[in-house]
Amino acid sequence: MPSDTARRPYVAGNWKLWGTRAQAAAYCERLLTLLPEPARRDADVAVCVPFTALETVAGALAGSGVAVAAQNMHQADNGAFTGEVSAPMLLELDVDAVVLGHSERRQLFGETDRALSEKVPAALAAGLQPILCVGETESERDAGDMQRKLRHQVQEGLEDVADDRLADVVIAYEPIWAIGTGKVATPDQAQEAISFVRALVGDRSTAAADAVRVLYGGSVKPDNAAEILAQPDVDGALVGGASLDPESFAAIVGAA
Ligand code: PEP
């Protein structure tokens with residue numbers, strides 16, 4: 001699959017369960033002192049924050065060009081789904097994007113590919129950019145099952161997305177064995193898996209495969225970001241732990 005150098009790099013910081021509103025406000029103030037002006041930035045930047053900090057972060061980052069993402073949403077606009085939030089609720093807080101199918105949600109909270117096949121088009125229809133996470137466990141990789149797992153996750157997650165909207169989804173390839181472990185994929189491993197993900201999109205639409213951004217996630221740090229991001233099919237990074245420090249996160253944005 002040819003790689004298209006016109007794809008704009010995308011770096012997203014996933015705060016996970018971190019960030020009171022006070023912490024979030026201080027973080028944003030610091031981050032904006034570290035990032036270049038929007039017009040001089042070579043990458044799209046997003047922060048993925050807890051629901052309770054979204055309004056604070058959207059206010060603090062207004063006009064900065066840094067996108068604000070939630071970390072999950074329900075596919076329905078409203079209904080008997082206690083504890084859930086919907087796309088219209090996120091839009092009301094000026095949220096731009098939403099992480100869907102993070103491995104922690106899949107493993108700890110029972111998120112399924114079936115639900116994701118509804119969440120991804122629901123986010124798009126509402127005007128939110130979905131960041132769809134996929135990735136294999138260490139035992140799946142060791143058993144030679146990586147491609148089967150990625151095929152299932154990508155095909156089902158994108159099943160009800162029209163071909164002409166596929167490139168509006170950002171896909172994050174996050175090998176589960178690399179998340180929060182300090183065990184980063186090698187640049188070759190990241191390239192191999194991400195070019196496979198791109199080829200899966202290509203099975204639906206060649207134009208979408210050329211345009212869709214596929215990120216790597218899993219123990220990205222300032223000192224390993226550049227060589228991973230230099231791979232031809234790697235369009236950016238989803239950063240967990242290292243994004244909690246504005247200096248580290250800004251350095252990773254710089255590497256992109
Ligand atoms: C993540 O949470 O998506 C992630 C990649 O975490 P970490 O960078 O800490 O491995």
From the list VAL134, VAL169, which one is more than 12 Å from the ligand (Cβ to nearest atom), at pLDDT 95 or above, touching a strand residue (DSSP E or B) at 6+ places or on another chain (Cβ under 9 Å) and among the β-branched types (Val, Ile, Thr)?
-> VAL169
Touching a Phe, Trp or Tyr at 6+ places or on another chain (Cβ under 9 Å), of a type outside the set (S, T, N, Q) and closer than 15 Å to LEU100 by Cα - does that describe any residue in the stretch 156-169?
-> no
Quick one: in the stretch 87-100, of everything that is farther than 18 Å from THR56 by Cβ and out of contact with any Pro (no Cβ under 9 Å at 6 or more places or on another chain), which residue is nearest to the ligand (Cβ to nearest atom)?
-> ALA87
Give me the pairs: first residue in the stretch 127-146 and under 14 Å from GLY157 (Cβ atoms), second residue more than 14 Å from the ligand (Cβ to nearest atom) and among the polar types (S, T, N, Q), beta-carbon distance under 6 Å, and six or more apart or on different chains, which are they?
-> VAL134/GLN153
All but one of (1) assigned to a helix (DSSP H, G or I); (2) touching a residue at least 60 places away in the same chain (Cβ under 8 Å); (3) surrounded by 24 or more Cβ atoms within 10 Å (Cβ to Cβ); (4) not charged (D, E, K, R) hold for ALA172; which doesn't?
-> (1)
Kindly indicate whether any position in the stretch 175-183 is outside any strand (DSSP E or B) and at positive phi.
-> yes
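Checking the conditions here, which among GLY182, GLY254, GLY240 is within 10 Å of the ligand (Cβ to nearest atom) and surrounded by fewer than 21 Cβ atoms within 10 Å (Cβ to Cβ)?
Working: GLY254 fails: within 10 Å of the ligand (Cβ to nearest atom); GLY240 fails: surrounded by fewer than 21 Cβ atoms within 10 Å (Cβ to Cβ).
Within the list GLY182, GLY254, GLY240, the selection yields GLY182.
I'd like the residue in the stretch 185-202 that is assigned to a helix (DSSP H, G or I) and either of a type in the set (A, V, I, L, M, F, W, C) or within 13 Å of the ligand (Cβ to nearest atom) (or both) and, out of all such residues, is surrounded by the fewest Cβ atoms within 10 Å (Cβ to Cβ). Before the answer, list the steps.
Keep residues of the stretch 185-202 that are assigned to a helix (DSSP H, G or I), which gives 187-202.
Restricting the remaining residues to those that are either of a type in the set (A, V, I, L, M, F, W, C) or within 13 Å of the ligand (Cβ to nearest atom) (or both) gives 190, 193-194, 196-197, 199-201.
Working: ALA190: 27, ALA193: 25, ILE194: 26, PHE196: 18, VAL197: 26, ALA199: 16, LEU200: 23, VAL201: 26.
Residue satisfying both the conditions and the ranking: ALA199.
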Within the stretch 184-218, track down each residue that is more than 13 Å from GLN147 (Cα to Cα) and within 14 Å of the chain's Cα centre (by Cα).
-> VAL212, ARG213, VAL214, LEU215, TYR216, GLY217, GLY218
Return a yes/no flag: does the stretch 212-229 have any residue that is farther than 15 Å from ALA178 by Cβ, surrounded by fewer than 20 Cβ atoms within 10 Å (Cβ to Cβ) and more than 16 Å from the ligand (Cβ to nearest atom).
-> no
Keeping to the stretch 91-110, report how many residues are assigned to a helix (DSSP H, G or I) and charged (D, E, K, R).
-> 4
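Hey, could you check the stretch 130-157 for residues that are in a loop (DSSP other than H, G, I, E, B) and in contact with an Asp or Glu (Cβ under 8 Å, 6 or more places away or on another chain) and say which is nearest to ALA87 (Cα to Cα)?
Filtering the stretch 130-157 down to residues in a loop (DSSP other than H, G, I, E, B) leaves 135-137, 143-145.
Those left that are additionally in contact with an Asp or Glu (Cβ under 8 Å, 6 or more places away or on another chain): 135-136, 145.
Numbers: GLY135: 25, GLU136: 28, ASP145: 34 Å.
Out of the qualifying residues, it is GLY135.
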ASP77, sole failed condition from (1) of a type in the set (Asp, Glu); (2) out of contact with any Pro (no Cβ under 8 Å at 6 or more places or on another chain); (3) farther than 28 Å from ALA211 by Cα; (4) in a loop (DSSP other than H, G, I, E, B) = (2)
Of the residues that make up the stretch 3-16, is at least one β-branched (Val, Ile, Thr), at pLDDT 95 or above and buried (at least 19 other Cβ atoms within 10 Å of the Cβ)?
-> yes
Is there any pair with a first residue in the stretch 237-256 that is of a type in the set (S, T, N, Q) and a second that is surrounded by fewer than 24 Cβ atoms within 10 Å (Cβ to Cβ) whose Cβ atoms are under 6 Å apart and which are 6 or more apart or on different chains, and what are they?
-> SER248/PRO222; SER248/ALA242
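Please find, among ARG105, ARG114, ARG148, the residue that is within 15 Å of the ligand (Cβ to nearest atom), among the basic types (Lys, Arg) and at pLDDT 95 or above. Explain how you work it out, then say what you get.
Details: ARG114 fails: within 15 Å of the ligand (Cβ to nearest atom); ARG148 fails: within 15 Å of the ligand (Cβ to nearest atom).
Every option except ARG105 fails the conditions.
The values are calculated or read from the model by the stated rules, or taken from the named source; none is laboratory data. Since the model is a prediction, treat every value here as computed from it, not as a measurement. Backbone-built Cβ (ideal geometry, glycine too); neighbour counts: all protein chains shown.
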